[in-house]
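Right, one structure below, let's go through it.
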Amino acid sequence: MKAVTTPPPPPPVDVVLPCLNEAEALPWVLERIPAGWRALVVDNGSTDGSADLARALGATVVHEPRRGFGAACHAGLTAATADIVCFCDCDASLDPSLLVPFVREVRAGESDLVLGRRRPRGRNAWPAHARVGNAALSLLLRRRTGLRLHDLGPLRAARREALLGLRLTDRRSGYPLQMVVRAADAGWRVAEHDVPYLPRTGASKVTGTWRGTWQAVRDMRRVLAEPPAALEGSRR
């Protein structure tokens, strides 16, 4: 009689880590993934061996050939199987272990989306031009949605099915903002908590230059100009 095998249960939490040439930072980041959680390293075309290193360190590697922060994040979201999905940069600027209370808050039903408000540690942690751009976008977000947020940081947690129901379409720098805007349009409870923000390892692909920052701001302004979408599971 043929033995019946049951598939392993899904991990309690998946952590999506968009990655483009982050081999230097990966060991620090992956060793801080909470025990029992799964790291989904989404390789976005690295040429420094990031994917092989991540796999050797125990992470699940997802390949996303289409360049773009949003493309990498969404590939991780669609590859996730856990009920709760987190997002974290892969450059060692944020400690993924800080997501534990975020997940606890989502699981308890206290919030639908929890965000980390970055608090710089060190002079070089957050360039002035990036802070200015973030502050301007936070103000525009407040006017658009009424959410009194101070940051659009990448450290965040929410339920997977609910995130998929937002039907996010941006595949560039506007992805994190579109997630918040559509969550607000759907009536989600959005919370924000302070997290330490460390100097990143290597050069930023988005906010490392004025040009990169401007392109990100342009992407996000386009998101803010979108009309409210009819979303699944809206609380309104």
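The values are calculated or read from the model by the stated rules, or taken from the named source; none is laboratory data. Because the structure is a prediction, the values reported are computed rather than measured. Note that each Cβ is placed from the backbone with ideal geometry, even for glycine, and that neighbours are counted across all protein chains shown. These area figures cover heavy atoms from the full protein model, side chains too; ligands, DNA and RNA do not enter into them. Shrake-Rupley method; radii C 1.70, N 1.55, O 1.52, S 1.80 Å.
Assorted remarks:
- A simple spin-label model places pseudo-atoms 7 Å from Cα toward Cβ; at residue 47 and residue 169 they are separated by 3.3 nm.
- Remark: segment 151-158, residue by residue, has Karplus-estimated 3J(HN,Hα) of 8, 10, x, x, 7, 7, 8, 6 Hz, where x stands for each Gly or Pro and the curve is 6.51 cos²θ - 1.76 cosθ + 1.60 at θ = phi - 60°.
- Value of [θ]222 nm, deg cm²/dmol, for the chain, DSSP H segments ≥ 4, -39500 (n - 2.57) each, nearest 500: -10000 deg cm²/dmol
- Projecting label points 7 angstrom from Cα along Cα→Cβ for residue 229 and residue 81 puts them 2.6 nm apart.
- Between the exposed loop cleavage positions of the chain, defined as GluC sites (Glu not before Pro) in a non-H, G, I, E, B DSSP state with at most 15 neighbouring beta-carbon atoms within 10 angstrom, the longest gap is 111-231.
- In segment 27-75, the trypsin sites (Lys or Arg not before Pro) that fall in loop regions by DSSP, at most 16 other Cβ within 10 Å: 66, 67
- Size of charge dipole - the chain - debye, nearest 20, with Cβ of Lys, Arg +1 and Asp, Glu -1, no other charges: 800
- For the chain, the solvent-accessible area of protein heavy atoms averages 48 Å² per residue (probe radius 1.4 Å; ligands and nucleic acids excluded).
- For the pair segment 81-110 and segment 161-193, the centres of their Cα atoms are 15 angstrom apart.
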